[in-house]
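What follows is one structure encoded as structure tokens, with my remarks underneath.
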């Protein structure tokens, strides 16, 4: 079973959008997928128009079991676990709990019926984020195309290295560093890629094709739809399709951008 966390210590880089589309994309290819919101902002529930009677907070506090917190049939073969701002207080409520960083991994131990579990993380290194990363086997790090993108990526990779040191018995691999909102016609995007290339840890796992800038992603989320439901022929649909296939192959290679991506897009393209 794939166990993937979507993480970056910098906010606003497309974590939730990527988590939703990776989970939905895997489901479209026939996998049974559980999408877990480990961010107290609860954006996955908002984006998909779902409110769970029980949430990840109840699961970590032991007030509910896995079957109680899963919202089933959100999409075909896609179930979710929601979150709410009440989860911000988990650090305080679980301050004295033994091995509190691995509660999620233990709660999901023996989980069956799924081919993949995708966990959307908070940008803060909170107790929820530790639980998500210590459950996961692989991490995808979405990165934006701005001057601070490399900082967030480096901080996230450093945090993962620290967790490997503290919990050496747990596998936690970087599957991909995923550029989002890519527009190679801009100086910001070119500068970000140059910065990534200069950092060995980032460049080694950089999914170079990235996800191109596409306003349809914003519109889709506002309509509580995935990009394939809202604009199946858009560039974002094409790019997330390719990334889902990359993950299905095991993330064992990094993809060069298409040659025509380096050209200024025509006015017919969606931006």
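The values are calculated or read from the model by the stated rules, or taken from the named source; none is laboratory data. Just so you know, these numbers come straight off a predicted model, no measurement behind them. FYI the Cβ positions are ideal-geometry reconstructions off the backbone, even for glycines, and counts take in every protein chain you see.
Across region 68-88, the number of residues qualifying as modelled with pLDDT under 95 and out of contact with any helix residue (DSSP H, G or I) (no Cβ under 8 Å at 6 or more places or on another chain) comes to 2. Within region 146-167, is there a residue that is in contact with a strand residue (DSSP E or B) (Cβ under 8 Å, 6 or more places away or on another chain) and in a loop (DSSP other than H, G, I, E, B)? Among the residues of region 146-167, not one is in contact with a strand residue (DSSP E or B) (Cβ under 8 Å, 6 or more places away or on another chain) and in a loop (DSSP other than H, G, I, E, B), which makes the answer no.
Can you pull out the residues in region 12-39 that are more than 18 Å from residue 127 (Cβ to Cβ) and in a loop (DSSP other than H, G, I, E, B)?
Within region 12-39, the subset more than 18 Å from residue 127 (Cβ to Cβ) is 12-14, 16-35.
Listed by number, the residues that qualify are 12, 13, 14, 29, 30, 31, 32.
Comparison of 45, 30 shows that the only residue that is in contact (Cβ under 8 Å) with a residue 12 or more places away in the chain, more than 29 Å from residue 189 (Cβ to Cβ) and over 19 Å from the mean Cα position of the chain (by Cα) is 30. So, of the residues in region 225-261 that are modelled with pLDDT under 95 and in contact with a strand residue (DSSP E or B) (Cβ under 6 Å, 6 or more places away or on another chain), which turns out to be surrounded by the most Cβ atoms within 10 Å (Cβ to Cβ)? Here the answer is 251.
Of all residues in region 107-135, those being outside any strand (DSSP E or B) and in contact with a helix residue (DSSP H, G or I) (Cβ under 9 Å, 6 or more places away or on another chain) number 17. Among the helices (runs of 4 or more DSSP H) confined to region 197-251, the ones with at least 2 residues that are out of contact with any helix residue (DSSP H, G or I) (no Cβ under 7 Å at 6 or more places or on another chain) are located at 200-204, 215-222, 235-248. Total residues in region 173-184 satisfying the condition of being surrounded by 14 or more Cβ atoms within 10 Å (Cβ to Cβ) and out of contact with any helix residue (DSSP H, G or I) (no Cβ under 6 Å at 6 or more places or on another chain): the figure is 7. Scanning region 63-86 finds no residues that are under 12 Å from residue 127 (Cβ atoms) and surrounded by 14 or more Cβ atoms within 10 Å (Cβ to Cβ).
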